[in-house]
Structure formats: structure tokens, C-alpha cells
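J.: This is the structure I want to talk about, given as C-alpha cells.
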Amino acid sequence: MYDFIELLDWQSFVISRLSENWQEIHQLQKERRNKCKYHHRTGRKGYVGVVEELVNKKIVTKDEEVDRALLWKVAREDKNGKIVDEEVAELAGTIEKLLKEKEEGLITVSGYNDVLAMALGTLEHAGRVRGVGGFVKPSAFFNIPRKKRECVSKGMLKERDVLLQETKKMMEEQQKKHEAAQELLQQQIEMLKVAISGQPCNVSTSVHIPNISPMSEKASTNIPSNFVEFAAVKEVCEDGCDDVVEQTEVEANKVMFI
């Protein structure tokens with residue numbers, strides 16, 4: 001059919017279009033196309049050609065900013081200026097009504113919330129603008145300022161990393177101290193239980209018994225062993241064991257006066 005197309009190129013093209021991968025792409029795009037309710041009739045001229053037609057018909061002036069809702073409506077008219085599709089025709093009537101209310105000052109439009117958005121009742125697409133053609137970004141059309149990016153220097157990043165390391169180190173030290181305190185408290189509880197029950201102590205750490213300075217050699221040899229046990233119990237049980245210490249103290253006093 002075409003002399004400039006080689007037979008091998010054509011066969012390669014046919015094979016690629018009959019592949020499973022291409023059929024999946026074709027089906028996906030077909031489903032997307034079916035979701036489009038309001039088909040335009042601009043053909044190759046596009047929305048730029050619609051504006052030229054409106055200028056030639058003297059509906060708008062050459063330098064006038066045309067509302068995109070009007071462009072959207074005209075783009076769906078046939079050569080006779082009629083809209084065949086009933087749903088599109090109903091929507092076009094809504095657009096004409098809103099445009100009239102806009103001119104009379106009955107409604108206020110700003111940014112994304114313009115006449116076309118009100119008529120369609122759907123949010124604007126993030127990457128394109130309806131009713132103006134391709135290659136038009138929303139930020140440029142709606143004059144939306146871009147968000148400023150905060151500049152972070154390498155020095156600030158380095159300082160942040162140092163602070164994070166120091167904070168991590170402090171948290172690890174606090175965790176170790178907490179674990180050591182918990183272990184010591186558990187040992188003291190176990191030794192207190194042993195001192196009260198008289199059972200052998202399985203705790204590896206021995207209880208610290210305070211060094212009592214003797215008044216004389218005789219006095220030092222007469223100190224009962226129960227008194228020493230009482231001293232050890234009293235040192236270990238510093239909080240929450242008042243009843244146990246009081247009972248042990250009474251027993252120790254009895255031994256001392258025997």
C-alpha cells in the first residue's frame with residue numbers, strides 16, 4: 001500500500017500489535033476512553049481553532065480572555081452549532097446559565113472554582129486543564145504560586161546528625177542505668193526475703209554489713225549475731241518494709257538483754 005514501508009517493517013509492526021502486552025495496553029486505554037462522557041468535535045483544529053472561529057464570528061474580540069466554559073461548550077457543537085447528545089446539551093444549558101449569572105455578578109469564581117468546574121461538578125485534574133487543550137499546566141492557567149522549597153545546608157544536616165547521635169547515646173546510657181537499678185532492686189528484695197525466712201541466699205551479690213567500731217575487745221565479742229542480721233536487714237529494706245524492720249528490731253533487742 002505504501003511504497004516507503006518495507007515488508008519486514010510492516011510484519012514486525014503487526015506482530016508487536018498482536019502481542020499480549022500490547023493487547024493489555026489497548027484494553028486499558030479502551031476502558032479509559034469509555035469513561036469519557038462528553039466528547040469534543042474539534043478535530044485537528046483543537047481549542048485554538050475554536051477560539052479563532054469565535055473571533056471570526058465576532059462572538060469574542062481578538063484580545064479578549066475567553067472563558068474556558070464557553071470553549072468547552074462550543075467544542076461539542078456540530079457544524080450547524082447544535083449539540084446532538086442530550087446529556088451534553090443539558091450541561092451546555094447549565095454553562096450558559098452560569099455564564100449569565102457571572103456577568104450579572106450573582107456568582108463569584110476564583111481559581112479552580114470557575115464556571116466549568118461548577119457545571120461539571122468534578123474536581124480539576126492535577127496535571128491538565130479541561131477546555132483549553134493540551135500542554136497547559138494548572139499552575140500557569142489558574143495563576144497558582146508554586147510552593148517554595150526550604151533550602152537546607154550541609155552544615156545543618158551535619159549538626160542534625162550529631163544531635164541525633166548524642167540523643168541516641170544518652171538514651172542508651174539511661175537505659176543501662178535503669179536496667180542496673182532494676183537488677184539491684186531485685187537483688188535487695190531477694191536478700192530481704194532470705195533474711196526474714198532464714199533460708200540460704202542464692203543471690204551472688206553479698207549484703208553489705210556496716211563496720212561497727214567496738215568500744216572494747218570485750219564489747220566486740222559480746223555482740224549477738226542476731227543484731228548483725230538486724231543491721232543488714234535494716235540497710236537492705238529502706239522503703240516499704242517498716243513492719244519487717246520493726247519486728248526484727250524487737251527480736252534483736254531481746255537477744256541483747258539476755
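J.: Condition check: surrounded by fewer than 14 Cβ atoms within 10 Å (Cβ to Cβ), touching a helix residue (DSSP H, G or I) at 6+ places or on another chain (Cβ under 9 Å) and modelled with pLDDT of 90 or more. Does LEU106 satisfy that?
T.: Spelling it out, LEU106 is indeed surrounded by fewer than 14 Cβ atoms within 10 Å (Cβ to Cβ), touching a helix residue (DSSP H, G or I) at 6+ places or on another chain (Cβ under 9 Å) and modelled with pLDDT of 90 or more.
J.: Of everything in the stretch 19-61 that's among the acidic types (Asp, Glu) and assigned by TED's automatic domain parsing to the domain that holds VAL136, which residue is surrounded by the most Cβ atoms within 10 Å (Cβ to Cβ)?
T.: Taking the candidates together, the pick is GLU53.
J.: Oh, and also: What do you reckon, is VAL109 hydrophobic (A, V, I, L, M, F, W, C) and closer than 28 Å to LEU123 by Cβ?
T.: Here the answer is yes, as VAL109 does meet what is asked.
J.: Quick one: would you say GLU24 is among the acidic types (Asp, Glu) and farther than 25 Å from ASP114 by Cα?
T.: Spelling it out, GLU24 is indeed among the acidic types (Asp, Glu) and farther than 25 Å from ASP114 by Cα.
J.: Quick one: which residue in GLU104, GLU87, GLU96, GLU64 is closer than 23 Å to GLY121 by Cα, over 44 Å from the mean Cα position of the chain (by Cα) and either in the same structural domain as GLY131 (by TED's automatic domain parsing) or among the polar types (S, T, N, Q) (or both)?
T.: GLU104
J.: Turning to a different aspect of this structure: I need the full set of residues from the stretch 39-61 which are within 20 Å of THR122 (Cβ to Cβ) and touching a Lys or Arg at 6+ places or on another chain (Cβ under 6 Å), in order please.
T.: Listed by number, the list holds a single entry, HIS40.
J.: In the stretch 1-38, which residues are basic (Lys, Arg) and outside any helix (DSSP H, G or I)?
T.: Passing the criteria: LYS35, LYS37.
J.: If you scan the stretch 96-140, which residues turn out to be under 21 Å from THR42 (Cα atoms), out of contact with any Asp or Glu (no Cβ under 9 Å at 6 or more places or on another chain) and part of a helix (DSSP H, G or I)?
T.: Result: GLU96, ALA119, LEU120.
The values are calculated or read from the model by the stated rules, or taken from the named source; none is laboratory data. Here the structure is a predicted model, which is why all the values come from computation and not from measurement. Note that we place each Cβ from the backbone using ideal geometry, even for glycine, and neighbour counts take in every protein chain shown.
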